[in-house]
Amino acid sequence: MPMQNQIDIAAFGPEHLDGAVALSRGEHWPHRHEDWMMLQHLSEGVVAVDADGRVVGTTFMTPYGQDYAMINLVIVDKAMRGLGLGRKLMEHAIALAGNRPQRLTATQEGLPLYEKLGFVATGTICQHQGKVQSIECPDGIEIMSGEDIDGLKALDREALSADRSRLIDAIIKCGEVAVARRDGKTEAWAAIRPFGRGEVIGPVIAKDFETARSLIAYHASSRAGRFLRVDTGKETGLSAWLDAIGLPHGGGGVTMRRPLSNNLAHDGPKVFALASQALG
């Protein structure tokens, strides 16, 4: 699939990982080789390669069954901007999504393109990160057991109206999950895993603010002085508390959907923190 200026667009493969890591570092994104590998495992992607074989653009489509797809890791090398490459990569990602509705987390730079492609803003993500302070371990939170897996997948499905089982399996494999139970039933959960400069806490799935905060505190309490990141929606009310425990607000993005869904709010469990801005 040739492009102008001898740019080719091809399916993303393992041979493109090193170039993709270099590309994201050029944007000051924290993604490690392992973070790209996890996304590749869960996704389909395309890559733009120049005449010298250098990776100059990427994008992934991460499907959650047929329910919806996350479009993510949309990066174009600074020297290649203004040539329509970003739009071309997005068109390939949208084609990969097929009939699935699409979601993404946009940077301010990407907003105009996504709006032209029919994406509508739905919210704001606040990125909190830093070296967490020493905090007490809350009561009522435990490390998950094998018997919790079906329950936490069901809670996630209810919160997002989508089947993210493959994502959850991948997170369990590389990270740690804490749960809150009531009468022996899993009622909320939060994961932590290595990511970027340290670890990321998310997803956090809970019905109320207090439980979500306790789940985050459980993970943070054993990591005083270590670098943690939490990506949370502005509407969750967690930002002030995260600032107070040493994780200041330092960036974020705009959540967008195509087409706009009518069921953005419900009374069940909610997403208090994302797995990542790429994965939702």
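The values are calculated or read from the model by the stated rules, or taken from the named source; none is laboratory data. Remember, it's a predicted structure, so these values are computed and weren't measured experimentally. Here the Cβ is made from the backbone with ideal geometry for all residues, glycine too, and neighbour counts use every protein chain on show. Surface accessibility is based on the protein's heavy atoms, side chains included, excluding ligands, DNA and RNA. Shrake-Rupley method; radii C 1.70, N 1.55, O 1.52, S 1.80 Å.
Residue count for the stretch 138-167, restricted to those that are closer than 15 Å to R193 by Cβ and part of a loop (DSSP other than H, G, I, E, B): 2. Residue count for the stretch 112-132 satisfying the condition of being of a type outside the set (G, A, S), over 17 Å from the mean Cα position of the chain (by Cα) and either closer than 24 Å to D77 by Cα or open to solvent by 10 Å² or more (accessible area, probe 1.4 Å) (or both): 9.
Before we move on, is A170 part of a helix (DSSP H, G or I) and closer than 19 Å to T62 by Cα? Yes; evaluated as a whole, the condition is true for this residue.
For the stretch 133-148, filtered to residues that are of a type in the set (D, E) and touching a Phe, Trp or Tyr at 6+ places or on another chain (Cβ under 9 Å), the residue that is surrounded by the most Cβ atoms within 10 Å (Cβ to Cβ) is D148. For the stretch 149-165, does any single residue satisfy the condition of being at pLDDT 95 or above, out of contact with any Ser or Thr (no Cβ under 7 Å at 6 or more places or on another chain), farther than 23 Å from P63 by Cα and open to solvent by 50 Å² or more (accessible area, probe 1.4 Å)? No; the residues of the stretch 149-165 include none that is at pLDDT 95 or above, out of contact with any Ser or Thr (no Cβ under 7 Å at 6 or more places or on another chain), farther than 23 Å from P63 by Cα and open to solvent by 50 Å² or more (accessible area, probe 1.4 Å).
Of the residues G130, G118, G184, G146, the single one that is farther than 20 Å from T59 by Cα and at pLDDT 95 or above is G130.
Of the strands (runs of 3 or more DSSP E) contained entirely in the stretch 1-106, those carrying at least 1 residues that are over 27 Å from C126 (Cβ atoms), at pLDDT below 95 and open to solvent by 40 Å² or more (accessible area, probe 1.4 Å) fall at 7-11.
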